[in-house]
Amino acid sequence: MSRTITRAVVAAGGAGTKMSPITRILPKEMLPAGGKPILEHLVHELRAAQITDVLFVISSRKPQIPAYFGSGAAYGMDFSYRVQDDGAGPGAPILAAETWATGQPFVHAFGDNLIRSAAGKEAPLQRLVGGTTGCSVLTRVFPSDGIPAHETLLGAAEAPRTGPEPAAVAFDTHLLDHTGAQWVHACAARWILGPFIFETLRECPRRPNGELYLIDAIRRWISTGNHLTALPLRPDDLRFNCDNWETYHDAVAALRR
């Protein structure tokens with residue numbers, strides 16, 4: 001059954017090494033695009049999706065984020081901050097939010113990813129929140145021989161169909177193996193997660209580098225008989241993973257148009 005979602009956890013602790021040396025003095029999430037920091041675009045995206053409470057999980061090297069956004073009152077929202085410096089991987093910010101989430105489902109968003117809908121169309125996050133199940137994710141469907149670098153693959157996809165809205169996909173075990181698939185779902189930095197995720201992450205083995213990955217936990221969770229809803233972005237929805245200079249410059253150019 002669908003539940004109202006009013007909370008979001010924003011992961012904004014990454015070191016930004018691909019964009020060094022500028023990220024030694026300015027977090028990648030605070031780089032300007034379209035007249036405001038990348039992270040402020042996400043704040044407006046969350047507000048449009050009726051999110052009222054946001055927890056930013058940041059590192060101690062990023063005091064600029066709370067200095068800029070403050071309490072959230074300027075946006076009609078309530079902002080909190082948690083500092084996490086252990087470099088434990090992309091699953092760690094979620095575990096840091098367990099108490100704050102108070103057993104409610106929440107949006108999980110990556111602060112360095114900028115998503116914009118085509119003019120006059122409902123924003124992807126609004127679609128995701130409005131049709132949420134216990135676990136869901138925005139995805140971008142790519143041909144298997146044309147996957148950009150740095151994308152996180154979820155599993156096999158059907159070829160995109162023409163039409164006003166891409167259909168949501170109930171993602172279960174048979175789609176996890178994308179070996180030989182012509183099309184694949186790549187995660188698009190916006191999730192709906194429920195309380196199940198905390199125990200799922202704790203039970204998930206870390207990678208050899210010691211980091212804990214959300215996608216590993218989700219794939220294990222699906223393999224035990226659960227499913228998530230994958231909601232593909234429309235072809236004309238824009239998404240930029242601004243953790244590198246090339247994509248960042250693409251975002252800046254797109255927002256000038």
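The values are calculated or read from the model by the stated rules, or taken from the named source; none is laboratory data. Worth saying up front: this structure is predicted, and the values here are computed from it rather than measured. Don't worry about glycine lacking a Cβ; one is built from the backbone with ideal geometry, like all the others, and counts go over all protein chains shown. Surface areas here come from the heavy atoms of the whole protein model, side chains and all, with no ligands, DNA or RNA. Shrake-Rupley method; radii C 1.70, N 1.55, O 1.52, S 1.80 Å.
With respect to the conditions (1) touching a residue at least 24 places away in the same chain (Cβ under 8 Å); (2) small (Gly, Ala, Ser); (3) open to solvent by 20 Å² or more (accessible area, probe 1.4 Å), Ser59 lacks only one, and its number is (3). In this entry, Arg256 is excluded by the filter for residues that are closer than 22 Å to Ala149 by Cα and charged (D, E, K, R). Within the set Arg207, Arg116, the sole residue that is open to solvent by 70 Å² or more (accessible area, probe 1.4 Å), within 28 Å of Leu46 (Cα to Cα) and not aliphatic (A, V, I, L, M) turns out to be Arg116.
Given the structure, is Ala109 outside any loop (DSSP other than H, G, I, E, B), in contact with a Pro (Cβ under 7 Å, 6 or more places away or on another chain) and open to solvent by less than 30 Å² (accessible area, probe 1.4 Å)? Full working, then the answer.
Numbers: outside any loop (DSSP other than H, G, I, E, B): yes; in contact with a Pro (Cβ under 7 Å, 6 or more places away or on another chain): no; open to solvent by less than 30 Å² (accessible area, probe 1.4 Å): yes.
Against the criterion (outside any loop (DSSP other than H, G, I, E, B), in contact with a Pro (Cβ under 7 Å, 6 or more places away or on another chain) and open to solvent by less than 30 Å² (accessible area, probe 1.4 Å)), Ala109 does not qualify.
Can you tell me which residue is surrounded by the most Cβ atoms within 10 Å (Cβ to Cβ) among those in the range 147-170 that are under 21 Å from the mean Cα position of the chain (by Cα), among the small types (Gly, Ala, Ser) and assigned to a loop (DSSP other than H, G, I, E, B)? Selected residue: Ala168. Against the numbered list (1) farther than 22 Å from Glu203 by Cβ; (2) open to solvent by less than 40 Å² (accessible area, probe 1.4 Å); (3) in contact with a helix residue (DSSP H, G or I) (Cβ under 6 Å, 6 or more places away or on another chain), Gly91 comes up short only at (1).
The selection criterion, being of a type in the set (Asp, Glu) and free of Cβ contacts under 8 Å to residues at least 60 places away in the same chain, does not hold for Glu165. Counting only strands (runs of 3 or more DSSP E) that sit completely within the range 7-104, those holding 1 or more residues that are within 22 Å of Arg127 (Cβ to Cβ) and acidic (Asp, Glu) correspond to 53-58.
Taken together, the residues in the range 85-128 that are at positive phi and aliphatic (A, V, I, L, M) amount to 0.
Do the conditions hold for Ala254, that is, is it in contact (Cβ under 8 Å) with a residue 24 or more places away in the chain, closer than 30 Å to Thr23 by Cβ and touching a Cys at 6+ places or on another chain (Cβ under 8 Å)?
Considered against the rule, which asks whether it is in contact (Cβ under 8 Å) with a residue 24 or more places away in the chain, closer than 30 Å to Thr23 by Cβ and touching a Cys at 6+ places or on another chain (Cβ under 8 Å), Ala254 comes out as no.
Looking across the range 238-257 at every residue that is under 15 Å from the mean Cα position of the chain (by Cα) and of a type outside the set (A, V, I, L, M), the one that is least open to solvent (accessible area, probe 1.4 Å) is identified as Cys242. Within the range 14-25, does at least one residue satisfy the condition of being under 19 Å from Ile94 (Cβ atoms) and open to solvent by 20 Å² or more (accessible area, probe 1.4 Å)? Yes, the conditions are met somewhere in the range 14-25. Close contacts from the range 73-85, counting a first residue that is closer than 26 Å to Glu211 by Cβ and aromatic (Phe, Trp, Tyr) and a second that is modelled with pLDDT of 95 or more and open to solvent by less than 70 Å² (accessible area, probe 1.4 Å), with Cβ to Cβ under 9 Å and a gap of 6+ residues or different chains, come to Tyr81/Leu55; Tyr81/Phe56; Tyr81/Val57; Tyr81/Ile58; Tyr81/Ile65; Tyr81/Pro66; Tyr81/Phe69. Among the candidates Gly180, Gly225, the residue that is at pLDDT below 90 and either over 16 Å from the mean Cα position of the chain (by Cα) or in a loop (DSSP other than H, G, I, E, B) (or both) is uniquely Gly180. Exactly one residue out of Thr173, Thr200 is open to solvent by 60 Å² or more (accessible area, probe 1.4 Å), without any contact (Cβ under 8 Å) to a residue 60 or more places away in the chain and either touching a helix residue (DSSP H, G or I) at 6+ places or on another chain (Cβ under 8 Å) or among the polar types (S, T, N, Q) (or both), and it is Thr173. Quick one: what pairs do we get from the range 103-128, first residue closer than 20 Å to Met30 by Cβ, second open to solvent by 40 Å² or more (accessible area, probe 1.4 Å) and in a strand (DSSP E or B), C-beta under 9 Å, 6+ apart or different chains? Pairs that qualify, where the first residue is closer than 20 Å to Met30 by Cβ and the partner is open to solvent by 40 Å² or more (accessible area, probe 1.4 Å) and in a strand (DSSP E or B), are Asn113/Arg239; Leu114/Leu238; Leu114/Arg239; Ile115/Leu238; Ile115/Arg239; Arg116/Leu238; Arg116/Arg239.
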